[in-house]
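Report on one structure; see the data block that follows.
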Amino acid sequence: RRLATLSVWHETSFFSDRERAALAWTEAVTLVAETHVPDAVWEGLRPHFTPEELVDLTLLISTINVWNRFGIAFRKLPA
């Protein structure tokens, strides 16, 4: 149920505050060229994660974004 509503996480109550902060961070980092990672997203994230967790989360987001860019560039479809 949670996975099915991930694309509309803003509108559901299925995610904890920590998860919501991570999802907002994921969107901001993914759309960095457009959003420049808003201060409000940064401030909402910090209470929920240690500095080390922030680094790990950001590396995970960045890695997934790279995989997606390769897949799109080389016209790969999900298996």
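The values are calculated or read from the model by the stated rules, or taken from the named source; none is laboratory data. Given the structure is predicted, the values throughout are model-derived calculations rather than measurements. Ideal geometry is used to build each Cβ from the backbone, glycine not excepted, and the neighbour counts take in all protein chains shown. Note: areas computed on protein heavy atoms with side chains; ligands, DNA, RNA excluded. Shrake-Rupley method; radii C 1.70, N 1.55, O 1.52, S 1.80 Å.
Name the residues in the stretch 38-49 that are open to solvent by less than 70 Å² (accessible area, probe 1.4 Å) and either part of a helix (DSSP H, G or I) or closer than 14 Å to GLU19 by Cα (or both), would you?
VAL41, GLY44, LEU45, HIS48, PHE49
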List, please: which pairs have Cβ atoms under 7 Å, are six or more places apart or on different chains, and start with a residue in the stretch 66-78 that is under 15 Å from LEU31 (Cβ atoms) and end with one that is open to solvent by 100 Å² or more (accessible area, probe 1.4 Å) and at pLDDT 95 or above?
-> none
When only residues in the stretch 1-31 that are within 11 Å of the chain's Cα centre (by Cα) and among the β-branched types (Val, Ile, Thr) count, which is least open to solvent (accessible area, probe 1.4 Å)?
-> VAL29
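Please verify whether GLY71 is at pLDDT below 95 and open to solvent by less than 100 Å² (accessible area, probe 1.4 Å), treating the condition exactly as stated. Lay out the reasoning, then the answer.
Values: at pLDDT below 95: yes; open to solvent by less than 100 Å² (accessible area, probe 1.4 Å): yes.
Against the criterion (at pLDDT below 95 and open to solvent by less than 100 Å² (accessible area, probe 1.4 Å)), GLY71 qualifies.
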Of the residues in the stretch 50-67 that are open to solvent by less than 80 Å² (accessible area, probe 1.4 Å), farther than 14 Å from VAL32 by Cα and not β-branched (Val, Ile, Thr), the one that is farthest from the chain's Cα centre (by Cα) is GLU53
